[in-house]
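Written below as structure tokens is the structure these notes are about.
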Amino acid sequence: MISLPLFTVFAVIWCQKSTQGVHESIEEIRWRAVTENPLTTQLMTLTQFLQQCSHTPHTVNDIVFNGTFAVAEDYVECSKIINQLPNVRRFAMVNAQPMLFRVQPNVLWQVHDLAFRSCRLSRLPYLMFGMNQLYSLDVSCNYLTDLVELEVLNLHNLKKLFLSRNKFSFVPRAIHKMKRVAKIDMSSNQISMLNGEEFRELVWLKELDLSLNPGIQVIPEELVNLPHLTHLNITGLNGLKKPAYSLAKKGLEHVRKYFYDLHKTGWFESTATSAVVRNG
């Protein structure tokens with residue numbers, strides 16, 4: 001018999017109770033792996049807890065795993081449980097191994113908020129396929145170099161994308177299709193050059209964080225002229241040359257004026273790349 005690892009309830013939030021004290025609606029479940037805890041006899045396994053609310057699996061909306069399972073088989077057992085939860089809206093894993101999950105793609109198609117943080121990922125897990133309703137995606141603190149897996153998804157609703165602390169050396173092509181995205185964080189990567197074409201279609205982009213990518217030397221005009229862009233973070237781009245970092249850090253309007261003056265004086269050059277820059 002497979003023994004699931006013991007978990008402690010990190011937070012069980014917004015539980016509505018009947019007059020008899022029975023949980024009628026479990027809206028959020030958070031779990032944290034427990035290791036070497038002397039109180040293990042008082043804790044419930046994930047299976048035991050979900051069995052308690054199995055009479056209303058449709059009310060489980062939010063699951064967050066913090067920690068990893070003891071053995072690979074536990075992921076299989078946990079997947080069986082998740083496959084019975086039809087209304088999960090948020091699914092997050094921190095310091096876990098999502099590649100070992102065997103969740104059916106059609107089960108999590110309605111997830112709006114997805115996160116795989118600090119999971120040592122070099123590519124995105126297959127369980128993402130079918131998640132076309134994503135509003136927010138957080139894969140920060142991994143080993144990603146590209147987002148090829150996202151190119152086959154229709155992420156037309158995605159508004160927030162968090163890619164910080166990975167191994168990106170360029171802006172992934174998959175981002176070009178996210179035409180409604182409003183916030184992108186690509187800080188603390190290894191980006192060395194930006195191409196204006198990467199941002200041309202992102203007309204609803206409001207916030208872009210490119211801080212701590214020391215290889216960036218040029219901000220593309222196509223980026224700074226995006227109609228809704230109000231916040232461009234260039235902290236730590238000390239090697240910025242076009243425009244000079246000393247000018248760029250004064251604000252987004254100064255960067256825009258830089259390109260305007262280049263056109264006006266006839267000294268404009270086609271550019272490519274990055275920088276916190278705020279309006280005003």
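The values are calculated or read from the model by the stated rules, or taken from the named source; none is laboratory data. Bear in mind the structure is a predicted one, so any value in this text is a computation, not a measurement. Every residue, glycine among them, receives a Cβ derived from its backbone with ideal geometry; neighbour counts consider all protein chains shown.
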Query raised in the report: Just one of the numbered conditions (1) under 15 Å from the mean Cα position of the chain (by Cα); (2) on the phi < 0 side of the Ramachandran plot is not true of Ser188; which one?
Result: (2)
Report summary line: The strands (runs of 3 or more DSSP E) lying wholly within the range 182-248 that contain at least 2 residues that are closer than 24 Å to Leu262 by Cα and either of a type in the set (Asp, Glu) or out of contact with any helix residue (DSSP H, G or I) (no Cβ under 7 Å at 6 or more places or on another chain) (or both) are 231-233
Query raised in the report: What strands (runs of 3 or more DSSP E), lying completely within the range 92-178, carry at least 1 residues that are at pLDDT 85 or above and not assigned by TED's automatic domain parsing to the domain that holds Gly196?
Result: 113-117, 136-138
